[in-house]
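The values are calculated or read from the model by the stated rules, or taken from the named source; none is laboratory data. Fair warning: this is a prediction, and the values are worked out from it, not measured in the lab. Heads up, the Cβs are rebuilt from the backbone with ideal geometry, glycines too, and the neighbour counts pull from every protein chain shown.
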Amino acid sequence: MIAEQREAAIPSRSRIGINAHLLGSGEGYRRAGVSRYISNLLTHLQEADADGDYVLFLAARSTLSLPHDLKSSRLPTDNPGMRILWEQLVLPRAARSENLSLLHSPVNIQPVALPCKGVVTVMDLSFLAYPESFKRPQRFYQTTFTRLSARHATRLIAISLQTARDLIRRFQVPANKITVIYPGVDSRFRPLAEGPELNQFRRKLGLPDRFILCVGTLEPRKNLVMLLRAYNQFKRQTRTDHKLVLAGGKGWLDQPIQRTISELGLDSDVLLPGFVAENELPLWYNSADAFVYPSLYEGFGLPALEAMACGRPVLVANTSSLPEVVGEAGILLNPDSPEVWAEALMRICSDGNLRSDLSSRALARAQLFSWSKMARETVLVYHEALSGGT
């Protein structure tokens, strides 16, 4: 059974460090999701633990302003290789010199030679579930060091039950060492009324009046080849004017996606706008008629939650963590069946009552996920780790 949280007394004069070097690092939706998790943890930390003594380790040139002790690196840790060296060689010395009682590593990996207690947030084990989505050096690093971190950390935070189960199954982590804490959704993700703002946004980007949206890195585990085949069936059977927008940066092995678009003759029907700026995401969601997410594996599935918070009807794969996020507020589908997805697209695009019902359910479901709650529950894990609780 996954560990349940309970109140724990924090030892006095405990100094807690947080490795925030991946805050705002790089493009691609996974990077953006990681950055958003760290940003919201830091933003809500003061509210969650006003009396806590925190040290935040930041990348060079960071402009973050928070009421904590901020330590910016002199090294260019936006470079992955340099960040790994800093993480494994420099950070342990910094933890010792700062007299840390605990270090929180928010993205899978903590230093091997950590001189204090450690809490690690594990986002997902996609590098094991879908190794073909990663370059070999990245896969080796993630596999080796996530395994070591899971073994040696005092406590683990999993962002979904799916990730917790993966840790237990793949790394044999004791269940009572893991606490599941869901991410939240920003308040800026909300329904926007049709009007000048959305119309101007559509005109600026040349977006069609009616489109189906998917947000995420273009890579194999996002299952976009299947989605393209489903969309092609939907289009041929209905002669719809709905376009399909695949918004996201190019990932590893994105060539089959491009090839499928050409083979199916969908070049004028599928839009590939590339990486989407974070501040524009609410406009993208609100401009779409529906949101689709056929991903084969997700540690959480933040885009689905953001789309729901914007009141969009969502269609997602019935795999990994996505049923945890969507619940009964969306349509869950077999990710291996283009025919099933084509039929669901026909229903969602032709039935206004269904769209309205799903929109209402999506908004209600999204309210269950809160960054404030995430921060409070994370602080409880710190307290339990420091007090020796399991």
- request: Could you list, in sequence order, all residues of region 299-320 that are in contact with a strand residue (DSSP E or B) (Cβ under 7 Å, 6 or more places away or on another chain), over 10 Å from Ala362 (Cβ atoms) and either among the hydroxyl-bearing types (Ser, Thr, Tyr) or assigned to a loop (DSSP other than H, G, I, E, B) (or both)?
  value: Gly301, Asn318
query: Is it true that Leu89 is assigned to a loop (DSSP other than H, G, I, E, B) and either among the charged types (D, E, K, R) or out of contact with any strand residue (DSSP E or B) (no Cβ under 8 Å at 6 or more places or on another chain) (or both)?
result: no
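On the given criteria, is Ser73 buried (at least 17 other Cβ atoms within 10 Å of the Cβ) and either at pLDDT 90 or above or more than 23 Å from the chain's Cα centre (by Cα) (or both)?
On the way: buried (at least 17 other Cβ atoms within 10 Å of the Cβ): yes; either at pLDDT 90 or above or more than 23 Å from the chain's Cα centre (by Cα) (or both): yes.
Here the answer is yes, as Ser73 does meet what is asked.
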- prompt: Is it fair to say Asp53 is in the same structural domain as Arg147 (by TED's automatic domain parsing), touching a residue at least 40 places away in the same chain (Cβ under 8 Å) and within 14 Å of Ile16 (Cα to Cα)?
  reply: yes
query: Could you say whether any residue in region 204-216 is more than 19 Å from Ser321 (Cβ to Cβ), part of a helix (DSSP H, G or I) and under 26 Å from the mean Cα position of the chain (by Cα)?
result: yes
statement: Inside region 228-258, the number of residues satisfying the requirement of being within 25 Å of the chain's Cα centre (by Cα) and within 20 Å of Cys310 (Cβ to Cβ) is 5
message: Quick check on my filter: what residues within region 336-388 are under 18 Å from Ala48 (Cβ atoms), among the small types (Gly, Ala, Ser) and outside any helix (DSSP H, G or I)?
response: Ser370
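What do you reckon, is Leu332 without any contact (Cβ under 8 Å) to a residue 24 or more places away in the chain and crowded, with 16+ Cβ neighbours inside 10 Å?
On the way: without any contact (Cβ under 8 Å) to a residue 24 or more places away in the chain: yes; crowded, with 16+ Cβ neighbours inside 10 Å: yes.
So Leu332 passes the test.
Being of a type outside the set (Ser, Thr, Tyr) and either modelled with pLDDT under 95 or within 22 Å of Ala304 (Cβ to Cβ) (or both) is the filter here; which residues of region 365-382 pass it? Show your work before the answer.
Here is the first cut: in region 365-382, the ones of a type outside the set (Ser, Thr, Tyr) are 365-369, 371, 373-377, 379-381.
Hits for region 365-382 are Arg365, Ala366, Gln367, Leu368, Phe369, Trp371, Lys373, Met374, Ala375, Glu377.
In region 362-380, how many are among the hydroxyl-bearing types (Ser, Thr, Tyr) and either closer than 18 Å to Ser160 by Cβ or buried (at least 21 other Cβ atoms within 10 Å of the Cβ) (or both)?
At the first step, the residues of region 362-380 found to be among the hydroxyl-bearing types (Ser, Thr, Tyr) are 370, 372, 378.
Then keep just the ones that are either closer than 18 Å to Ser160 by Cβ or buried (at least 21 other Cβ atoms within 10 Å of the Cβ) (or both); that gives 370, 378.
Number of matching residues: 2.
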field: Flag if Arg36 is of a type in the set (Lys, Arg), in a helix (DSSP H, G or I) and at pLDDT below 85
entry: no
task: Filter region 217-230 for residues that are part of a helix (DSSP H, G or I) and either within 16 Å of Val276 (Cβ to Cβ) or touching a His at 6+ places or on another chain (Cβ under 6 Å) (or both) and give the result.
output: Lys222, Leu224
- prompt: In this structure, is Ile157 more than 18 Å from the chain's Cα centre (by Cα) and either assigned to a strand (DSSP E or B) or in the same structural domain as Pro115 (by TED's automatic domain parsing) (or both)?
  reply: no
- line: Among residues of region 231-245 being β-branched (Val, Ile, Thr) and outside any loop (DSSP other than H, G, I, E, B), the residue surrounded by the fewest Cβ atoms within 10 Å (Cβ to Cβ) is Thr238
query: Pro137 passes all but one of (1) surrounded by fewer than 22 Cβ atoms within 10 Å (Cβ to Cβ); (2) in contact (Cβ under 8 Å) with a residue 12 or more places away in the chain; (3) over 23 Å from Val325 (Cβ atoms); which number fails?
result: (2)
task: Check region 84-100 and report whether any residue there is at pLDDT 95 or above, surrounded by fewer than 16 Cβ atoms within 10 Å (Cβ to Cβ) and hydroxyl-bearing (Ser, Thr, Tyr).
output: yes
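I need a count of the residues in region 262-276 that are more than 24 Å from Pro313 (Cβ to Cβ) and either modelled with pLDDT of 95 or more or not in a strand (DSSP E or B) (or both).
Initial filter on region 262-276 (more than 24 Å from Pro313 (Cβ to Cβ)): 262-265, 267-268, 274-275.
Add one more test, that the residue is either modelled with pLDDT of 95 or more or not in a strand (DSSP E or B) (or both), and what stays is 262-265, 267-268, 275.
Selection size over region 262-276: 7.
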- prompt: Going by the conditions given, is Ser287 touching a residue at least 60 places away in the same chain (Cβ under 8 Å) and closer than 17 Å to Leu205 by Cα?
  reply: yes
- request: Quick one: Pro323 ticks every box in (1) assigned to a helix (DSSP H, G or I); (2) more than 28 Å from Leu207 (Cα to Cα); (3) in contact (Cβ under 8 Å) with a residue 40 or more places away in the chain; (4) not basic (Lys, Arg) except a single one, so which number is it?
  value: (3)
